[in-house]
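The values are calculated or read from the model by the stated rules, or taken from the named source; none is laboratory data. The model shown is predicted, which means the values in this text are computed figures rather than measured ones. Glycine gets a Cβ as well: all are built from the backbone with ideal geometry, and neighbour counts include every protein chain shown.
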């Protein structure tokens, strides 16, 4: 080895830069999970269900729309989820 100069580690490729950036961005939340074991997975799952149910409803809007039993049920699921997630309900 030549003497005196500081060693510069090789630069990570793009396949590692994106995950590294994500971990760096979310590090406080990752540490909170490691410390407490508490996640927001339940609320994330509820949000996914709401989005999955609501998206087709948004595409079907119009005067010719007939409220089928499935639509009425999904609206009820959406309302119940909103009430459950509402800060005022707590």
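Taking residues in the range 17-34 that are free of Cβ contacts under 8 Å to residues at least 40 places away in the same chain, and partners anywhere that are not in a helix (DSSP H, G or I), the pairs with Cβ atoms closer than 7 Å and at least 6 places apart or on different chains are 20/12; 33/39.
Just name the residue that is farthest from the chain's Cα centre (by Cα) out of those in the range 38-80 that are part of a loop (DSSP other than H, G, I, E, B) and at pLDDT 70 or above. Per the stated criteria, the residue is 38.
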